[in-house]
Amino acid sequence: MKHTPFSRRKFIKAAAVGTAALGIPTIIPASAFGANDRVRVAVIGVNGRGKDHIAGFSKLENVEVATICDVDNVVLQERASDFEKKYSKKVKMEQDLRKVYEDKDIDAVSIATPNHWHALAAIWACQAGKDVYVEKPACHNIYEGRKLVEAAGRYNRIVQHGVQLRSSVAIQEAIKHLREGLIGNVYMARALIYKWRPDIGNQGLSAVPAGLNWDLWQGPAQAREFSKNYVHYNWHWFWEYGNGDIGNQGIHETDLALWGLDVGLPEEITSTGGKFLWNDCKETPETLSSSYIYRQQKKIIEVEVRPWMTNKEDGVEVGNLFYGDKGYMVINGYNDYKTYLGKERTPGPARNAGGDHYKNFVDAVRAHDKKLLNGPVETAHLAASLAHLGNISYRLGRTLKFDPQKEVFPGDKEANAMLTRKYRAPYMLPDKV
């Protein structure tokens, strides 16, 4: 009998259930599909970045966006209508991500919720046997990131971090040049995050809009009364839900800085800044300057957040600069790099070319091979943690010493308390994943 892709998937899953029922360890992993089998994806959070997730997965061969999920039923209905018009078929809708995880026909989930949900949603997905594409930052705090790494390992799941520059052909080439010494000994990276962030005012408290499950939107965060200040984008600027721009756009740049310098977490962090432009209700700083020192490796990362009028640096508003003793490299955005060599800054190798981060994830899912991932969970934890360390230093108003192996601040109870957060039942982060 010749199996169709659909019948082969059903056979594999049925076999796994059957052996488990007999008390025999499962020997066929849930994702052991043939190379031509359809991968069924659910996109969780479809108001903003999730729209790109739907489009990105839908264009891939033999990949089906089978379910969309959002806590706001108005957004959910709009997106389902858009989906039907664009793809001439209906898509299943869920308001609660837990229902998605109960669906045995979903192979992978793509998470584009607010930051405070990222890690818990991804951990629950791993526990449910789903592979995961999770938007940046992969975690709302450092402890969550470590737990996500543990969950991906324990449940043998494919977890991709949504930093698409990792799949850029040009940026991969740029990193190769750094490794091979094109600009010499690379000792410093500067991450630039110059985004247009206007005054958001203060809209105060109001009734929860029809269709929005406010309890589920808040999830693991502490309960607050509803405000339009948070929904649907400006939650980025409140500590309970977001991480400021260093933990928003900045994750692309912290990830690239770590990748380019070939380092992990630092030993010393100094971060300063504040709100100097708007008298609005944002809690996170508008302007932030963070320095990360690697004493043993003699390297430094500087991260600069600016919110409004500013100069460009060698044409860069969002990107990275790498400095070596033989030249420097300019990475502008996600797909473009240039190099300048010697004292005269002679133009060196340059390239502009993109890649497909969604396809890279699906390729790894099909092969069930983590080594194929361009943005694996370990790098997700590090990139997010660098941003979190900068925020902790800023919020405490002082330089911090950090142990990058143990991921703690030695002898600093106040700083260590900020490695995690208080969670709200039933949305608790498990101590043992």
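Every number here is computed from the coordinates shown, using simple stated rules; none is lab data. Model, not experiment: these values are computed from the prediction. Note that each Cβ is placed from the backbone with ideal geometry, even for glycine, and that neighbours are counted across all protein chains shown.
In order along segment 278-285, the Karplus-derived 3J(HN,Hα) couplings, from 6.51 cos²θ - 1.76 cosθ + 1.60 at θ = phi - 60°, round to 10, 9, 10, 9, 4, 9, 7, x Hz, and Gly and Pro are given as x. The residues ASP336, ASP70, ASP199, ASP431, when put in order of fewest to most other Cβ atoms within 10 Å, stand as ASP431, ASP199, ASP336, ASP70.
At q = 0.11, 0.15, 0.23 Å⁻¹ the log10 of I(q)/I(0) for segment 115-191 amounts to -0.41, -0.65, -0.94, computed by Debye summation with a single uniform scatterer per C-alpha, solvent ignored. Output the 0 to 90 degree angle, nearest 10, between the alpha-carbon long axis of helix 142-154 and the longest principal axis computed from the alpha carbons of the chain. So the inclination is approximately 40 degrees.
Between ALA353 and LYS326, what is the FRET efficiency for a Förster distance of 22 Å, r being their Cβ-Cβ separation, to the nearest 0.05? Provide the component values of the computation, followed by the final result.
Numbers: r = 24 Å, r/R0 = 1.10.
The value I calculate is 0.35.
Taking a ≥ b ≥ c as the square roots of the eigenvalues of the Cα gyration tensor of segment 123-275, is the shape rounded (a/c under 1.5), prolate (a/b larger than b/c) or oblate?
Details: a/c = 2.35, a/b = 1.46, b/c = 1.61.
Verdict is oblate for segment 123-275.
Could you tell me the convex hull volume per residue, in Å³, taken over the Cα atoms of segment 369-415? Numbers along the way, then the final one.
Numbers: hull volume 3.6 nm³, N = 47.
With only Cα atoms used, segment 369-415 gives 77 Å³ per residue.
For ARG40, the residues whose amide H sits under 5 Å from its own are GLU64, ASP107, ALA108, ignoring neighbours fewer than 5 places away on the same chain, with H placed 1.01 Å from N. Helix 377-396 axis versus longest C-alpha principal axis of the chain: approximately 50°, rounded to the nearest ten. With the largest listed first and rounded to whole Å, the semi-axes of the equivalent ellipsoid of segment 63-208 from the Cα gyration tensor are 32, 23, 18.
If contacts are Cα pairs under 8 angstrom and at least 6 residues apart, what is the relative contact order of segment 275-403 in percent?
Values: 122 pairs, mean separation 13.4, N = 129.
Once normalised by length, the contact order is 10 percent.
The ellipsoid that matches the Cα gyration tensor of segment 93-137 has semi-axes, each √(5λ) in whole angstrom, of 16, 11, 9, with the longest given first.
How about segment 230-314: which GluC sites (Glu not before Pro) there are in a DSSP loop, with at most 10 other Cβ atoms within 10 Å of their Cβ? Answer in residue order: no site qualifies.
Taken along the Cα-to-beta-carbon direction at a fixed 7 Å, the label points for ASN202 and GLU267 span 4.4 nm.
Look at the Cα gyration tensor of segment 302-433: its axes a ≥ b ≥ c give a/c of at least 1.5 with a/b at or below b/c, and that counts as oblate.
Over every pair of different alpha-carbon atoms in segment 192-349, take the mean of 1/r and invert it; report that Kirkwood radius in Å.
Details: mean 1/r = 0.0558 Å⁻¹.
Evaluated on segment 192-349, it is 17.9 Å.
Between 0 and 90 degrees, the angle of helix 250-261 with respect to the longest Cα principal axis of the chain falls at about 70 degrees.
Output the relative contact order of segment 206-308, whole-number percent, from Cα pairs under 8 angstrom with separation of 6+ residues. Spell out each step's value before the answer.
On the way: 120 pairs, mean separation 20.7, N = 103.
It comes to 20 percent, rounded to a whole number.
How far, in nm, would the chain grow between LYS90 and LYS406 when pulled straight, counting 0.36 nm per residue and subtracting the alpha carbon separation?
On the way: separation 316, 0.36 × 316 = 113.76 nm, distance 4.83 nm.
Result for the pair: 108.9 nm of gain on full extension.
What shape does segment 269-351 take by its C-alpha gyration tensor, where a ≥ b ≥ c are the square roots of the eigenvalues and a/c under 1.5 counts as rounded, a/b above b/c as prolate, and the rest as oblate? Mind showing how you got there, number by number?
Details: a/c = 2.98, a/b = 1.59, b/c = 1.87.
Judged from the Cα gyration tensor, segment 269-351 comes out oblate (a/c at least 1.5, b/c at or above a/b).
Distance distribution note for segment 247-296: the fraction of Cα pairs above 16 angstrom is 54%.
For segment 223-231, 3J(HN,Hα) computed residue by residue from phi via the Karplus equation (6.51, -1.76, 1.60; θ = phi - 60°) reads 5, 10, 6, 5, 8, 5, 4, 9, 9 Hz, glycine and proline entered as x. Label-to-label distance for ARG49 and LEU372 is 2.3 nm, based on points extended 7 Å past Cα in the beta-carbon direction.
So what's the gap between the Cα centers of segment 306-329 and segment 218-280, to the nearest angstrom? If you average the Cα positions of each part, the centres end up 21 Å apart.
At an R0 of 56 angstrom, the distance between the Cβ atoms of VAL74 and ARG179 translates into a FRET efficiency of 0.70. Each residue of segment 236-245 was assigned a 3J(HN,Hα) from its phi angle through the Karplus expression (A = 6.51, B = -1.76, C = 1.60, θ = phi - 60°), giving 3, 9, 10, 4, 5, 10, x, 9, x, 6 Hz with x at Gly and Pro. Applying both filters, DSSP loop and at most 16 other Cβ atoms within 10 Å, to the chymotrypsin sites (Phe, Trp or Tyr not before Pro) of segment 294-378 gives TRP308. The Rg/Rh ratio of the chain, with both radii computed over alpha carbons and Rh defined as the Kirkwood radius, is 0.97.
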